[in-house]
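Structure first, commentary second.
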Amino acid sequence: MPALNESDLKDIQKAVEQEFPEDDALQQVHIARKILAKEAEIEGLSIIEYVKSLKKSGITSN
């Protein structure tokens, strides 16, 4: 699983906070989605392929 650097995480959080300034729960969902999308991009996969690869590797449950 590729690790994002602190700068990437701060950029994602800042962008999402601007998109959804009044909804903390929605911010959390979008932050998680953007982190997964960025990790998928680093791996050269679509987000769906990346999530499936996480499941195959046992990182996710169910």
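The values are calculated or read from the model by the stated rules, or taken from the named source; none is laboratory data. Bear in mind that the values here come from a model prediction, so they are computed numbers and not experimental data. Cβ: placed from backbone, ideal geometry, glycine included. Neighbour counts: every protein chain shown.
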With the first residue restricted to segment 2-31 and required to be closer than 22 Å to residue 59 by Cα, and the second required to be of a type in the set (S, T, N, Q) and part of a helix (DSSP H, G or I), Cβ contacts under 9 Å at 6 or more apart or on different chains are 31/13
Could you list all residues from segment 9-18 that are over 21 Å from residue 47 (Cα atoms) and exposed (fewer than 12 other Cβ atoms within 10 Å of the Cβ)?
14, 18
I need a count of the residues in segment 21-44 that are in contact with a helix residue (DSSP H, G or I) (Cβ under 7 Å, 6 or more places away or on another chain) and among the basic types (Lys, Arg).
2
With respect to residue 9, determine if the residue is in a loop (DSSP other than H, G, I, E, B) and under 13 Å from the mean Cα position of the chain (by Cα).
no
Looking at segment 15-62, which of the residues that are of a type in the set (S, T, N, Q) and part of a loop (DSSP other than H, G, I, E, B) is modelled with the highest pLDDT?
46
Exactly one of 56, 38 is over 12 Å from the mean Cα position of the chain (by Cα) and at negative phi, and that one is 56
